[in-house]
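The next block holds one structure in the form of structure tokens; read it before the comments.
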């Protein structure tokens with residue numbers, strides 16, 4: 001997809017579905033200068049289809065600006081710093097969509113002090129991670145992703161509050177000289193790579209994967225809970241990557257090649273090997289039981305997952321990543337099953353969210369030295385490099401700076 005400079009475009013619904021009267025918003029004095037706005041669709045911009053009643057993206061970026069009172073801070077943005085690369089249900093986004101968002105951000109950030117991205121909730125954590133990691137070495141300004149559980153203009157909606165408070169969070173980040181991506185939702189500001197969706201009904205739809213949010217937000221104030229990421233973090237990440245890889249990080253993703261499987265009681269070793277043998281699968285992500293634990297029955301090879309991991313990593317030369325399925329959880333080497341899995345060749349995701357692990361795997365697979373071709377021609381060397389780069393902290397995704405149990 002290619003980012004478009006147009007913020008208008010025809011709506012799929014009649015304009016009567018949109019509230020055009022600006023809502024009453026009390027704006028503080030903003031220190032930030034120009035603000036970039038990127039609109040992508042999602043529930044925030046949805047309205048019922050007149051024929052089916054199903055919600056679908058309908059409201060343009062310009063209509064959102066009019067409806068939320070953003071016109072009242074006109075000095076902080078202009079048409080030149082607004083983009084709408086697409087208007088989609090976020091469930092329809094794929095890696096090319098992440099690239100389109102990043103391209104739009106790079107366009108508006110050239111003339112802005114920061115940017116807000118309005119996005120659907122289903123894959124917001126993926127897109128925030130994709131922007132944070134792909135632009136980890138070039139993003140020197142703050143970006144805030146937000147969305148809504150209830151469409152703009154609907155009774156009891158949360159869209160207008162999330163939009164206005166995300167701008168306030170953006171202003172706070174600017175005052176702190178922060179760099180990188182954050183997610184605002186409900187009353188929390190979260191590092192972009194640490195956000196995970198926890199509810200599809202509560203207004204607090206997202207939490208920090210370690211329950212250690214960076215900011216607490218109310219209508220009156222933004223309260224920092226930890227120091228922000230700055231350009232110093234950007235430079236550190238850039239240097240660590242260069243030291244390991246020897247060439248710059250490219251903001252590109254493999255379009256596919258990653259498979260995620262949730263381990264459950266009764267998941268067999270053979271089923272994992274069978275899945276990994278599929279030529280379209282290059283990287284396997286396993287959602288563990290608890291804190292990285294996996295079935296490891298010595299007397300029943302059918303349920304010995306470490307044996308499957310060893311076969312996939314050594315014979316097939318395909319990385320296996322273990323992530324925790326629990327918010328607040330982490331891969332901890334305290335259980336026998338986990339220790340055997342790591343010894344068999346699995347890579348621990350530590351406290352990384354499942355969303356960030358998925359995005360990072362596709363980002364790494366998009367790098368020349370870690371591509372499908374590299375795995376095919378230099379399997380051992382590429383497997384070793386993948387392991388080293390996956391545990392590098394690009395944009396806060398590993399949580400190394402604050403996780404007590406990170407490996």
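See the values below:
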read-out: Residue check, residue 279 surrounded by fewer than 20 Cβ atoms within 10 Å (Cβ to Cβ), assigned to a loop (DSSP other than H, G, I, E, B), at negative phi and within 21 Å of the chain's Cα centre (by Cα); value: no
read-out: Single condition residue 200 does not satisfy, out of (1) within 18 Å of the chain's Cα centre (by Cα); (2) more than 18 Å from residue 105 (Cβ to Cβ); (3) assigned to a helix (DSSP H, G or I); value: (3)
read-out: Selection from segment 173-195 of residues that are part of a helix (DSSP H, G or I) and buried (at least 24 other Cβ atoms within 10 Å of the Cβ); value: 173, 192, 193, 194
read-out: Unique residue being under 19 Å from residue 338 (Cβ atoms) and in the same structural domain as residue 342 (by TED's automatic domain parsing) when the list is 281, 273, 294; value: 294
read-out: Subset of segment 220-246 [touching a helix residue (DSSP H, G or I) at 6+ places or on another chain (Cβ under 7 Å) and closer than 22 Å to residue 283 by Cα]; value: 244, 245
read-out: Looking only at segment 138-172, and only at residues there that are modelled with pLDDT of 90 or more and part of a loop (DSSP other than H, G, I, E, B), the one that is surrounded by the most Cβ atoms within 10 Å (Cβ to Cβ); value: 139
read-out: Where residue 213 falls short, out of the listed (1) free of Cβ contacts under 8 Å to residues at least 40 places away in the same chain; (2) outside any loop (DSSP other than H, G, I, E, B); (3) in contact with a strand residue (DSSP E or B) (Cβ under 6 Å, 6 or more places away or on another chain); value: (2)
read-out: Test: residue 73 is surrounded by fewer than 23 Cβ atoms within 10 Å (Cβ to Cβ) and assigned to a helix (DSSP H, G or I); value: yes
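The values are calculated or read from the model by the stated rules, or taken from the named source; none is laboratory data. For clarity, every value in this text was computed on a predicted model and none was experimentally measured. When we count neighbours, we look across all protein chains shown, and the Cβ atoms used for this are built from the backbone with ideal geometry, even at glycine.
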